[in-house]
Amino acid sequence: MAKVAIVTGAGSGIGRAVSLALLQNGWSVALAGRREAELATTAALGEGAPCLVQPTDVSDEASVDALFAATKARFGRLDLVFNNAGTGAPPTPLEDHSLEHWRRVVDINLTGAFLCTRAAFRLMKDQDPCGGRIINNGSISAHVPRPRSIAYTATKHAITGLTRSTSLDGRAYDIACGQIDIGNAATEMTRQIAKGVPQADGTLKPEAVMDVKAVADAVVYMAGLPLSANVQFMTVMATQMPFIGRG
């Protein structure tokens, strides 16, 4: 029987790449995201592989609960959640950062991951056999910030705490949790990186990017491990991006 995954933010970028890689490796995938048309495009690119298109707002409790109920109804169980949905705020001086933008980033990046994790626990604990895996999309920003990114950086640091607590609380139920921290994967959202992004010294410089397939392959590897093994943290980044060293 095919293993079953939920991927949030599956309508574009990393979410789409991971969803397609899982489908190509024999998984059944529930595609979650706010834009139904983009989810349908991901499903079509799957060329008939078993998937569920489920429009979802991860910041909304009822919407998340509906996603997990639909997944169970369609596939019968759940083996993997990739908490990938995320957003940022316009780069703004910290003193001018609006509460509206802060709350939106926290609601999607952090609360959304919590709601999906909670729903996954409820389903994975009760299924037979019990257990499953949760992979959180952290970020290079879970370690070091970019300038003027307080909300995004704070939520990605918080994802690391979510990952650690989930790993600990999941042990009794064979629920493994790991985190992938991604740096400069080439997607629609990162086009500006190759053109020029703010550096710590105040300059604007282009940065190296990598094929998003490297991320998809890494998630498939993490997802394919037996529940007796876990990749706790993995960093996948463009080799030449300015991460290690003085900024």
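Subtracting the Cα-Cα distance of Lys205 and Ser165 from their residue separation scaled by 0.36 nm leaves 10.7 nm. The alpha-carbon of Lys125 sits under 25 angstrom from the alpha-carbons of these lysines, leaving out residues fewer than 8 places away in its chain: Lys3, Lys72. A Cα-only calculation for the chain places Rg and Dmax at 17.5, 55 Å.
Remark: segment 130-143, residue by residue, has Karplus-estimated 3J(HN,Hα) of 6, x, x, 9, 10, 10, 9, 7, x, 3, 3, 5, 6, 10 Hz, where x stands for each Gly or Pro and the curve is 6.51 cos²θ - 1.76 cosθ + 1.60 at θ = phi - 60°. Measuring max minus min along each principal axis, the C-alpha atoms of segment 1-108 give extents of 53, 26, 22 Å (largest first). Ellipticity at 222 nm from helices only: DSSP H runs of n ≥ 4 in the chain, each -39500 (n - 2.57), divided by the residue count, give -12000 deg cm²/dmol.
Taking neighbour Cβ counts within 10 Å as the exposure measure, how do Ile6, Ile193 sort from fewest upward? Can you show the working numbers first?
Details: Ile6 32, Ile193 20.
Result, fewest neighbours first: Ile193, Ile6.
Counted by neighbouring Cβ atoms within 10 Å, the residues Met189, Met234 run from fewest to most as Met189, Met234. Globularity index of segment 165-213 is 1.78 (Cα radius of gyration / 2.2 N^0.38 Å, N = number of residues). The share of C-alpha pairs in segment 139-247 whose separation exceeds 19 Å stands at 52 percent.
Dipole of segment 4-237, Cα-centred, from +1 at each Lys and Arg C-beta and -1 at each Asp and Glu C-beta, to the nearest 20 debye?
Values: 21 positive and 22 negative charges, 34 e Å.
In total the dipole reaches around 160 debye.
Normalised by the number of residues in segment 161-247, the mean separation of alpha-carbon contacts (under 8 Å, six or more apart) gives a relative contact order of 36 percent. With neighbour counts taken as other beta-carbon atoms within 10 Å, the residues Trp27, Trp102 rank, fewest first, as Trp102, Trp27.
The angle between the Cα long axis of helix 213-224 and the longest principal axis of the Cα atoms of the chain comes to about 40 degrees, rounded to the nearest 10.
Readers should treat all values here as calculations from the given coordinates under stated rules, not as data from a laboratory. Just so it is clear, the structure is predicted and the values come from calculations on it, not from any experiment. Cβ atoms come from the backbone with ideal geometry, glycine included; neighbour counts cover every protein chain shown.
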